[in-house]
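The structure appears below as structure tokens.
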Amino acid sequence: MTTFGTETINCPCCGESFEIQLLTSTNTFGVRTTDLYVGAGGFQPILIVIACCPTCGYSSEGYTLREADPVEPAIKEKVFAELKPQVADGVPPPAGQWAFAAQIAEWRGEPDMAVADTWLRAAWAAAQSARTPPEQEAAYRRQAITFFQRALQADPPPDNALILTYLVGELYRRVGHTEQAEAWFNEAITMAEHASQPDASQIADLARQQRDAPKETL
Ligand SMILES: [Zn+2]
């Protein structure tokens, strides 16, 4: 089961204190989805590990907030201008906190892969909680698509290009862009034919399944 404790920290952005949750144990016995989310039995860690400062909106994973250096002035300015007004009436649900973290990663100029991964977490969190409306979840998926596509354009391509190509297809499918989804699934199938990694044929099978008779869970 997933268990967690709480700790009070000072926000690295505004300095005010607030409480964060830290995982003390988890498991991977939960659902696995075709957009590569690995769930836990019981509480979902993804809804627990993200934290948002109720004063300024600065958001990150709890364990990184604990040890974070003070936020640089240029980022602090953006957080105060764009996120702080959004927490005036309370912090958003976990998916929205992940979206804040993704926005901050983007402002920081973090690598496309890291930004994409954080938007994907926002989408996963949205899917795991009824508190985030479907259109918001779709918006997070579209952001993840944008940044995964950029990451895939790198030369040389990332090591995990095959599974990411599949994932872009699946994210397109989940936001209702069937043609793009099909194109990306086909690309993954073609890539798999030339890939030497041991799970290449499994990924190709998954891409075929999601193209022809899609499922939500693995
Ligand atoms: Zn703060």
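Values in this text are rule-based calculations from the coordinates and carry no lab data. Owing to the predicted nature of the structure, the values given are computational and were not obtained by experimental measurement.
Size descriptor for the stretch 157-213, Kirkwood hydrodynamic radius: 10.9 Å (Cα pairs only, one decimal). The ellipsoid that matches the Cα gyration tensor of the stretch 40-153 has semi-axes, each √(5λ) in whole angstrom, of 20, 18, 14, with the longest given first.
Which of rounded, prolate or oblate describes the chain when judged by the alpha-carbon gyration tensor and an a/c cut-off of 1.5? Judged from the Cα gyration tensor, the chain comes out prolate (a/c at least 1.5, a/b above b/c).
Shown in residue order for the stretch 132-142 are the 3J(HN,Hα) couplings computed by the Karplus curve 6.51 cos²θ - 1.76 cosθ + 1.60 at θ = phi - 60°: 10, x, x, 5, 6, 4, 5, 4, 5, 4, 5 Hz (x for Gly and Pro). The C-alpha atoms of the chain define a longest principal axis, and helix 112-127 lies at about 80 degrees to it.
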